Amino acid sequence: MRMPPLPSPPPMLTPEQMAQRVVGDRAPEVTRPIVISPYDSGWPGRYAVQERLIRMTLGPAALAVEHVGSTAVPGLPAKDRIDIDLIVANPADEDAYVPALASAGYTLRTREPHWYEHRCLWTDSHDVSLHVFGPDCDEHLRHLIFRDWLRANSEDRDFYAACKLKSAAENPMSMSKYVGGKGPVIVEILMRAGLR
C-alpha cells in the first residue's frame, strides 16, 4: 500500500462552513451530545450486513468497501455508528452511485468537493456513515493505515481511546471541535505507523 502524507490539522469549521457541507434537511451540527460507547462485538457483523448490501447494490461500481473508524478496531470504544469507506471511480459523479444507494436506504447528507471530493451518505437512523472517495485517495489510505495500526498496537489503541473520551467530554455538542480535539493524537499515531 502506498504511504500517503500526514494529514493537515483539521480546521475548526465555523457554523457557516459546517452549513455549506450539508445536503438536505439535516442539522449542520450535532443535535444530541456525542456519546462514546464501550466496544461492541456486534459491530463487525453490522458492517458485514452493510458491505453485502452496498456490493449487491453497486456491483462493480464499488471498487472497494472497507470497515474503517473506531468500530473497526476490536476493543476500541466508539460512537455507536459504523463508518464505511466506499471507493468509486469518481465521487463527483453522484448519478453513478447515489440513486442506487438511495434505493438501498442511504441518503446523501454531506458534500465536500474541496476535500478529496468526499461525499457521505447516512442510513435513516444514522447508525452508518458511508464515506465516498475516489481511487488512491490519501484520506482513505490513512483510514486503513490508522485502523490496521490500532488493531496491532494496543498501547496506541488505548491512547487513542483516552483521547476520544476526553474530546467528547470537552466538546459534547460540536462534531468539529470533537474531531479537532483528536487531531494531534491521530497525527502522532500515524507518524508511529510510518507516515511523514
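Things to note:
- Global geometry of segment 109-184, whether rounded, prolate or oblate, following the gyration tensor of its Cα atoms and the 1.5 cut on a/c: oblate
- Mean silhouette area of segment 1-84, derived from the convex hull of its C-alpha atoms and averaged over all directions, reads 8.3 nm².
- Of all DSSP beta bridges in segment 1-147, antiparallel share, percent nearest 5: 75 percent
- Footprinting exposure proxy for THR71, THR123, THR31 (fewest neighbouring C-beta atoms within 10 Å first): THR31, THR123, THR71
- Sorting 161-167, 144-150, 35-41 by their mean Cβ neighbour count within 10 Å, with the most densely packed peptide first, gives 144-150, 161-167, 35-41.
- Ranking VAL88, GLN50, PRO60 by Cα position along the charge dipole of segment 30-192, where only Lys, Arg, Asp and Glu carry charges on their C-beta atoms, puts GLN50 farthest toward the positive end.
- Unit charges at the beta carbon, dipole of the chain: most positive-side option, VAL22, PHE146, PRO135: PHE146
- Within the chain: Cβ-based charge dipole about Cα centre, in debye rounded to nearest 20 (Lys, Arg +1; Asp, Glu -1): 360 debye
- Zone of ARG192's modelled label, taken as backbone nitrogen in segment 57-85 under 19 Å from a point 7 Å along Cα→Cβ: 69-78
- Zone of ALA104's modelled label, taken as backbone nitrogen in segment 54-73 under 12 Å from a point 7 Å along Cα→Cβ: 54-66
- Whole-angstrom gap from segment 1-23 to segment 91-110, using each part's C-alpha centre: 21 Å
- Once backbone amide H atoms are built at 1.01 Å from N, SER37 has ALA78, LYS79, ASP80 as its partners under 5 Å, excluding neighbours fewer than 5 places away on the same chain.
- Distance from the C-alpha centroid of segment 164-196 to that of segment 46-65: 28 Å, rounded to the whole angstrom.
- For VAL30, distant residues with modelled amide H under 5 Å away: MET175
- Residue-averaged 222 nm ellipticity for the chain, from DSSP H runs of 4+ at -39500 (n - 2.57), nearest 500: -13000 deg cm²/dmol
No value in this document is a laboratory result; all are computed from the given coordinates. Bear in mind that the values here come from a model prediction, so they are computed numbers and not experimental data. Please note: Cβ atoms are built from the backbone with ideal geometry, for glycine as well, and neighbour counts cover all protein chains shown.
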